[in-house]
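Asker: Just passing along the structure, written as structure tokens.
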Amino acid sequence: MRKVALFFTLVIVLATASVPAAAHPGRTDSNGGHTCRTNCEKWGLEYGEYHYHNGGSSKSKKSSDSNTKSTQIKATKTTKQTTKKASAPSYEKSSLKLKVNGEVVVLSSSPILVQNINLVPLRELAESLGAATSWDADTQTIRIVKGEQEITLTIGSSKIFYNGVAETLSAAPKVLNGITYVPAQAVARGLNASLSYDKASDTLSITSE
């Protein structure tokens, strides 16, 4: 009797040990697997995890690996985008000095070079030449008037108008840090002023009537 009881005990132990975690009860689909919905922890699975009864890897793991790779790719792309070199500014500071009728004009900001053309702060230039200025924010238009002479410029445009007659500038007016810069030579010409340039001292001298 003891031998019979021992035999059945041994059979039960072997049967329990030989059942793999992936072979727990449940119907399988045409691919040989299904989604765990019952006693998942008992079989070493997570609730809702798709697995195969033939010992194959679960879909949830594949999906996780795919998501990880996708995240790594996105992170690489972001890193490449942020390491792009910043574009160089379209201007540089100029050492140009300005004189009007022999007097040095004190400028609040340094002149700038745009396409090798000197642009100077408009306010100081106009005041030193005895001209009045006005600004139209809607059209971004500047008017410089002295006597019968009128100059019209537009920020970012290479067009300049001398008493209504259009000509083309080598460099357009710019606004930088709230300061309007204009081509000194173009403004002086429009106000019937003469110019001379001393390369050694990098000085532009303007003589007005």
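Asker: Give a residue-ordered list of calculated ³J(HN,Hα) values for the range 179-191 (Karplus: 6.51 cos²θ - 1.76 cosθ + 1.60, θ = phi - 60°; whole Hz; x for Gly, Pro).
Answerer: Whole-Hz 3J(HN,Hα) from phi for the range 179-191: 10, 8, 10, 9, x, 4, 4, 5, 5, 4, 4, x, 9.
Asker: Want the number for GLN149 to LYS199: 0.36 nm per residue separation, take away the alpha-carbon distance, what's left?
Answerer: 15.1 nm
Values quoted throughout were computed directly from the atomic coordinates according to the rules given, and no laboratory measurement underlies them. All values reported here derive from a predicted model rather than from experimental measurement.
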